[in-house]
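For reference, the structure discussed in these notes is given below.
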Amino acid sequence: MSAPAAFPDKDTTATKLSSFGIADQAFVKLLMENPEQDENLLEGLYRHLGLAAEARLLNTLKLEKLGQWLGNEAPARLQMPLMEAARSSQHPAYQAFKAGLTKSGGLQRAFPKA
């Protein structure tokens, strides 16, 4: 297995997730298409959630929307790591992201009950 590509780094990915305009969504979709970029995407997500948790003002609606969008757009291979990221802290920033992921139903689509 090859090492992850050096670009984008976690700070670039976190910035894209933070601003999350149309161009940023296209950037994230492009990252999700390439399995070799999964680690970079997840590191950027952890960085974004960490920065949101440290912020003076917490925008839970924006984090919930991000979780819902990622849950709807991410391929099945990313659904479990996304949920693990959401469950990695009890901070309200992580909980808002988790609420969006749960609303998207992405984990249920990736792993349907028999």
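The values are calculated or read from the model by the stated rules, or taken from the named source; none is laboratory data. Computed from a predicted structure; not experimentally measured. Note: ideal-geometry Cβ built from the backbone for every residue, glycine included; neighbour counts use all protein chains shown. Ligands, DNA and RNA are excluded from the accessible area calculation, which covers all protein heavy atoms including side chains. Shrake-Rupley method; radii C 1.70, N 1.55, O 1.52, S 1.80 Å.
At a glance:
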| read-out | value |
| --- | --- |
| Residue in region 66-80 that is farthest from S19 (Cα to Cα), counting only those that are in contact with a Lys or Arg (Cβ under 7 Å, 6 or more places away or on another chain) and open to solvent by 20 Å² or more (accessible area, probe 1.4 Å) | E73 |
| Hits in region 81-101 (condition: assigned to a helix (DSSP H, G or I) and open to solvent by 80 Å² or more (accessible area, probe 1.4 Å)) | E84 |
| Residue within region 24-32 that is open to solvent by less than 70 Å² (accessible area, probe 1.4 Å) and of a type in the set (D, E) present | yes |
| Tabulated pairs, region 55-74, first without any contact (Cβ under 8 Å) to a residue 60 or more places away in the chain and over 14 Å from K98 (Cβ atoms), second open to solvent by 80 Å² or more (accessible area, probe 1.4 Å) and assigned to a helix (DSSP H, G or I), C-beta under 7 angstrom, 6+ apart or interchain | E73/K29 |
| Tally of residues being touching a Ser or Thr at 6+ places or on another chain (Cβ under 9 Å) and buried (at least 19 other Cβ atoms within 10 Å of the Cβ) across region 44-65 | 6 |
